[in-house]
1. What number of residues in segment 472-494 are part of a loop (DSSP other than H, G, I, E, B), modelled with pLDDT of 90 or more and either touching a Leu at 6+ places or on another chain (Cβ under 9 Å) or open to solvent by 50 Å² or more (accessible area, probe 1.4 Å) (or both)?
2. So which residues in segment 227-271 are closer than 18 Å to residue 76 by Cα and among the charged types (D, E, K, R), if there are any at all?
3. Considering only segment 500-531, state which residues are among the small types (Gly, Ala, Ser), buried (at least 18 other Cβ atoms within 10 Å of the Cβ) and over 49 Å from the mean Cα position of the chain (by Cα).
4. Which count do you get for residues in segment 228-277 that are assigned to a loop (DSSP other than H, G, I, E, B), open to solvent by 40 Å² or more (accessible area, probe 1.4 Å) and within 29 Å of residue 194 (Cβ to Cβ)?
5. Name the pairs: first residue in segment 270-282 and free of Cβ contacts under 8 Å to residues at least 24 places away in the same chain and under 12 Å from residue 255 (Cβ atoms), second residue assigned to a strand (DSSP E or B) and open to solvent by less than 60 Å² (accessible area, probe 1.4 Å), Cβ to Cβ under 7 Å, at least 6 apart or on different chains?
6. Only one of (1) in contact with a His (Cβ under 9 Å, 6 or more places away or on another chain); (2) open to solvent by 50 Å² or more (accessible area, probe 1.4 Å); (3) under 24 Å from residue 335 (Cα atoms) is not met by residue 385, so which one is it?
7. Considering only segment 203-227, state which residues are under 18 Å from residue 306 (Cα atoms) and part of a loop (DSSP other than H, G, I, E, B).
8. What pairs can you find where one residue is in segment 396-417 and among the aromatic types (Phe, Trp, Tyr), the other is outside any loop (DSSP other than H, G, I, E, B), and their Cβ atoms are less than 7 Å apart, with a gap of 6+ or different chains?
Amino acid sequence: MIASWRGLAVAAAIAVALAAILIVDVAHTPVPPGPDARALVPGFDPARVTELIWERAGRPAIRAVRAGDRWELRTPGTVPADTGAIGDVLAALRGGRWHREGAPRPAHGTLTVVAGPVRHVIGIAEPIAGTEQGWIVDDGRGVVVDSWVARALDRDPLSLRIRRPLADAGGARAITITGSPPGASDPAVDLRIEGTPRRRVRPSALLLAPEAAGELERALREVAIVRVPDGPSAAHGLAIRVAGIGTQADITIELGGSCPGAPALIALAGTAGDGCVERAAAEAVERAVARLLQPPDAIVERRPVPFEPQHLVLADGAALDTSPPRLGDAAADPARVTELLAALAAPAAVAKLPAGPATGHIVATARDGAAVTLDLFAGHMLARHGEPLALAPPPGAFSLLTRPSRELRDPTLWLEEPTMITTLTIDDVGYQRGAVIGDWTRRPAGPGDAAGPDAVRIRIEALVAQLAAPRALGFLDGRIAVAHRVAIEVTPPVGAPTRHELELGTPRPAGCPARIGQDTVVLPAAVCAGVAALAPRRNAP
């Protein structure tokens with residue numbers, strides 16, 4: 001019991017001591033009420049900020065000024081600011097909170113936040129060694145903030161610049177490059193590429209191999225400003241213009257010569273301002289440009305159509321939609337359409353452009369409207385219209401490209417439910433389905449079949465099942481001598497009846513020839529055999 005009372009007394013003494021410490025600490029650092037109590041800029045609204053000014057002893061001030069929906073750096077002169085960098089500064093001002101107060105520390109630089117007539121000055125002081133915190137001077141008092149806040153607010157000219165001005169070159173509508181690298185012995189460059197997939201427009205029209213165009217796009221993306229020059233840039237060399245990146249204005253740079261203050265670097269000038277880039281980055285651009293100026297056979301796209309077409313106009317003028325497969329108003333065979341698309345995308349050998357006229361044309365159009373016209377020539381060759389060379393696809397692929405459009409149709413001529421077929425007519429004899437499945441009545445009545453009425457009903461049901469979904473095995477040219485005329489009538493539970501008609505010829509080894517409308521197809525031989533078994537020359541019930 002004595003030990004318990006002693007323990008209780010010790011615990012009470014500790015509690016009193018902690019309470020006293022808490023009272024002293026609260027009295028030393030009072031915390032004002034409200035959610036903005038520790039905010040760097042109470043009530044901060046990023047949308048109201050019109051200007052940010054960085055000042056540091058012995059260096060020109062850096063001014064970032066809001067211009068509509070973007071920011072500009074006035075350094076002097078005007079260049080676009082990096083939207084992401086300005087956004088980080090505003091986010092730090094809005095979300096940064098101080099942890100404790102102290103005496104003001106010496107500041108190596110200041111940030112002035114201007115919101116209309118209101119100005120708020122923040123001094124950037126030293127970090128606290130061994131911690132992820134640092135001092136800033138806010139409203140004349142020293143406060144401790146997290147290091148990320150101090151880093152976001154402490155900016156130099158390079159950190160606010162657009163360092164990769166051509167980062168979005170891969171999405172540009174057009175890229176134009178003129179001039180020549182300093183000291184180059186080759187004639188001046190005049191290169192222009194456009195569209196997607198990439199097409200070289202100058203010096204000659206050519207759809208480019210993706211690896212050749214991709215090398216230039218990668219090189220342009222990697223052009224990064226690593227230093228601000230000590231004076232005005234005297235860049236002279238390759239002039240690059242990138243157009244059509246979303247709603248952005250055209251971006252231009254000139255790349256070449258030594259950078260002022262850093263002779264080992266290459267000078268850059270343009271709409272993003274002056275800068276210095278690594279020599280390796282500039283040389284990568286020069287190599288990519290030189291590659292695109294090679295002879296056409298070295299850089300041409302070898303796939304006749306390097307995208308998946310949404311629409312095709314075939315060599316015989318038929319219109320084919322690929323998704324879903326439709327040939328004019330009729331369904332197309334998905335398997336054969338897939339074969340055609342594979343042939344269009346199959347790499348081909350480069351060949352000399354034939355001297356004679358084209359024998360036909362195929363026009364392929366992508367979902368985004370990009371189109372390629374293929375000129376077809378004798379000798380299993382083709383060329384994209386306007387290009388200075390031809391492509392020679394494998395013979396099998398070329399035959400798929402020139403296959404008559406009728407062979408792309410869905411081989412299923414129609415699709416009906418067999419039990420909905422209520423009338424079968426062969427020449428002048430009709431069979432009417434009864435109320436019970438399997439029950440058929442012959443009109444006009446005739447003598448009985450030697451095989452018996454059950455065998456006849458089985459033959460009718462078998463033929464009706466074949467005619468409910470007849471599938472063509474191929475097509476024939478020319479007319480056929482008609483041996484039998486066959487028709488079925490489909491009566492659905494709801495809607496008007498449908499009638500399908502066939503004219504059958506004499507069976508051949510390949511199958512059963514049949515005329516449907518203007519086309520002659522080959523049906524399975526079993527169709528001719530089934531019709532012949534029920535034809536009027538045979539006795540039926």
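1. Residues that pass the stated criteria total 9.
2. Matches in segment 227-271: 227, 230.
3. 505, 530
4. Going through segment 228-277 one residue at a time, the tally reaches 8.
5. Once the first residue is free of Cβ contacts under 8 Å to residues at least 24 places away in the same chain and under 12 Å from residue 255 (Cβ atoms) and sits in segment 270-282, its partners that are assigned to a strand (DSSP E or B) and open to solvent by less than 60 Å² (accessible area, probe 1.4 Å) give 279/265; 279/266.
6. (3)
7. 205, 209 - these are the residues of segment 203-227 that are under 18 Å from residue 306 (Cα atoms) and part of a loop (DSSP other than H, G, I, E, B).
8. Every condition considered, the pairs that remain are 414/500.
The values are calculated or read from the model by the stated rules, or taken from the named source; none is laboratory data. Bear in mind that the values here come from a model prediction, so they are computed numbers and not experimental data. Don't worry about glycine lacking a Cβ; one is built from the backbone with ideal geometry, like all the others, and counts go over all protein chains shown. Areas reflect the complete protein model, heavy atoms only, side chains present, ligands, DNA and RNA absent. Shrake-Rupley method; radii C 1.70, N 1.55, O 1.52, S 1.80 Å.
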